[in-house]
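This report refers to the structure that appears directly beneath it.
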Amino acid sequence: MANPAPGGRWSGLSRVSWFLAGLAMTSLAQWTIVTVLARAGSPGLVGQYALGLAVGAPVVLVCGLGLQPVLVTDVAGRFTFHEYLRLRLAGMAVALFAIGVVAYAMGSGGGPVVLLVGVAKALDAVGEIYFGILQRRRAMRTVGLSMALNAALSVVVTTGLLLATGSVAVAALGSVAGSALGSVGYPRWVVRPDLRRAAGAGGWAALRRQRRLVVTALPVGFAYSLTSFTGNVPMYIVQHELGAQALGVFAALSYATMGANLLYAAMYQVLLHRMAELAGAGRLRALRGLVVRLVLGSLLFGLAGALVARLAGEVVLGLLYGRDYSRHWPVLVVLALGIGASGALYFVNAALLALHRFQHHLTATLPTLGLVAAASLLLVPRHGLIGAASAAVLALVVEAVTKTLLLRHALARAVGGPGTPPRGDEKPRDRPAAGPVPPERSNVPKVTI
């Protein structure tokens with residue numbers, strides 16, 4: 001069978017498939033590590049590992065500044081790859097210092113695990129910069145392979161070390177090894193032609209450019225951190241009002257909808273650079289049409305998921321988790337309704353990033369955090385887990401609607417702005433290839449079918 005034309009529909013599906021496979025492997029590896037700790041160790045070991053994730057992940061997210069989407073959408077090449085990499089390395093140095101302080105304060109009980117898990121997360125964050133340049137080359141196969149390599153090494157080494165030593169602190173070295181080789185080593189080797197090129201300006205000029213990059217990416221970084229915290233607010237309230245057992249049920253039901261979010265995340269990563277190209281070429285009508293189709297598709301997908309949950313949710317939950325969970329199928333129906341809003345939010349976020357409306361993420365996220373906190377405090381004590389699910393879905397809907405309105409306003413301004421082609425269906429102008437390295441001089445393997 002002949003290969004489809006580059007950039008065709010089949011090629012796009014292939015890129016989504018590679019990234020989706022990498023995300024699935026990452027999620028499976030995380031679940032496997034927790035399962036191994038639970039079966040070969042004790043609940044205390046699981047708690048230490050979970051604490052390491054709870055401490056390390058938010059700190060790394062805050063210090064990461066959301067640089068990856070800024071890099072992927074920088075089709076004009078305003079900043080070099082080295083500038084993104086240097087800033088991410090500096091941010092991870094700050095993150096590791098903060099995590100180290102927390103680990104030292106915790107002592108020998110949980111400190112070593114927190115520190116090692118934090119190192120693994122910091123390495124993953126450095127790897128995101130390499131992933132960003134690979135996404136601009138549409139080399140999603142390499143990204144997916146990197147994620148799969150990280151996942152496989154983490155599981156194998158962590159399991160081996162745990163069985164050999166019985167220490168979760170030693171076993172955490174498996175996550176560090178997987179991140180070092182999978183997230184950093186392999187993609188760095190692939191993009192090594194980029195690293196051999198000039199790093200750009202030096203001295204005060206370099207510092208001024210780094211400061212500009214910080215100012216550009218800071219709203220995205222804060223928004224990402226707040227979004228991560230916002231999604232956990234209903235769980236915090238459930239823990240406080242209903243106890244640990246109810247929290248376990250709610251977390252398990254939430255995981256049942258994870259597959260849809262993995263699909264959305266894969267599509268988001270693949271479409272982000274395409275949307276940035278459309279925006280950079282002034283093809284705003286094509287960008288708007290793409291977003292509309294994606295949002296409508298995600299809403300229909302959410303309705304279909306809610307229907308399936310209504311008809312078969314009790315049986316599915318019973319098979320997955322047992323009778324104690326199956327009676328909570330109405331909660332699954334509410335969470336399934338949120339799948340549509342979640343997908344819409346992914347795609348609207350991508351369009352805003354493509355238009356470089358980075359501040360809009362922070363503008364919409366701050367009130368959403370207040371809303372989900374108020375709704376959780378009001379609904380959880382009165383309606384239990386249904387109230388928690390309703391608060392989570394309400395926050396998704398409000399944020400999606402708010403960002404849709406901001407996107408509509410941004411598109412209207414862009415169409416009317418100076419130098420923007422009117423009505424935007426024109427063919428893209430001839431322009432230099434995006435990024436610090438022209439594609440024809442890069443050794444990044446292309447996706448082929």
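Of all residues in the range 402-414, none that is at pLDDT 90 or above has its Cβ atom under 7 Å from the Cβ atom of a residue that is surrounded by fewer than 20 Cβ atoms within 10 Å (Cβ to Cβ), 6 or more apart or on another chain. Condition check for GLY297 on (1) at pLDDT below 90; (2) surrounded by 13 or more Cβ atoms within 10 Å (Cβ to Cβ): one failure, at (1).
Taken over the range 79-131, the residue count meeting the criterion of being open to solvent by less than 10 Å² (accessible area, probe 1.4 Å) and of a type in the set (Lys, Arg) is 1.
Within the range 213-228, restricting attention to residues that are of a type outside the set (Val, Ile, Thr) and touching a Phe, Trp or Tyr at 6+ places or on another chain (Cβ under 9 Å), which residue is surrounded by the most Cβ atoms within 10 Å (Cβ to Cβ)? Top of the filtered list is ALA217. Of all residues in the range 237-256, those satisfying the criterion of being within 21 Å of the chain's Cα centre (by Cα) and either at pLDDT 75 or above or open to solvent by 60 Å² or more (accessible area, probe 1.4 Å) (or both) are LEU253, SER254, TYR255.
Checked against the criterion of being free of Cβ contacts under 8 Å to residues at least 12 places away in the same chain and among the aliphatic types (A, V, I, L, M), the range 65-72 has no qualifying residue. When the range 141-171 is filtered for residues that are among the β-branched types (Val, Ile, Thr) and open to solvent by less than 20 Å² (accessible area, probe 1.4 Å), the ones remaining, listed by number, are THR142, VAL143, THR158, VAL168. Of LEU353, LEU396, all but one fail to be open to solvent by less than 10 Å² (accessible area, probe 1.4 Å), of a type in the set (A, V, I, L, M), under 18 Å from SER298 (Cβ atoms) and at pLDDT below 90; the exception is LEU353.
Is it the case that GLY370 is over 15 Å from VAL220 (Cα atoms), part of a helix (DSSP H, G or I), free of Cβ contacts under 8 Å to residues at least 12 places away in the same chain and out of contact with any Phe, Trp or Tyr (no Cβ under 8 Å at 6 or more places or on another chain)?
yes
Set side by side, the residues ARG274, ARG288, ARG283 differ, and just one is touching a Gly at 6+ places or on another chain (Cβ under 6 Å), under 30 Å from GLY144 (Cα atoms), open to solvent by 30 Å² or more (accessible area, probe 1.4 Å) and of a type in the set (Lys, Arg), which is ARG283.
Taking the criterion of being free of Cβ contacts under 8 Å to residues at least 24 places away in the same chain and out of contact with any helix residue (DSSP H, G or I) (no Cβ under 7 Å at 6 or more places or on another chain), would at least one residue in the range 130-140 satisfy it? Within the range 130-140, none of the residues are free of Cβ contacts under 8 Å to residues at least 24 places away in the same chain and out of contact with any helix residue (DSSP H, G or I) (no Cβ under 7 Å at 6 or more places or on another chain). Considering LEU263, LEU272, LEU290, LEU307, which residue is under 27 Å from GLY22 (Cα atoms), modelled with pLDDT of 90 or more and assigned to a helix (DSSP H, G or I)? None of the others qualify; the one that does is LEU290. Within the range 172-205, the set of residues being assigned to a helix (DSSP H, G or I), small (Gly, Ala, Ser) and either at pLDDT 85 or above or closer than 28 Å to ALA139 by Cβ (or both) comprises GLY174, SER175, ALA177, GLY178, SER179, ALA180, GLY182, SER183, GLY185. Hey, among GLY318, GLY338, GLY305, GLY322, which residue is open to solvent by 10 Å² or more (accessible area, probe 1.4 Å), touching a residue at least 12 places away in the same chain (Cβ under 8 Å) and more than 28 Å from GLY77 (Cα to Cα)? Checking each option against the conditions leaves just GLY305.
The values are calculated or read from the model by the stated rules, or taken from the named source; none is laboratory data. Because the structure is a prediction, the values reported are computed rather than measured. Positions of Cβ are generated from backbone atoms using ideal geometry, with glycine treated the same way; all protein chains shown enter the neighbour counts. With ligands, DNA and RNA removed, areas are computed over all heavy atoms of the protein, side chains included. Shrake-Rupley method; radii C 1.70, N 1.55, O 1.52, S 1.80 Å.
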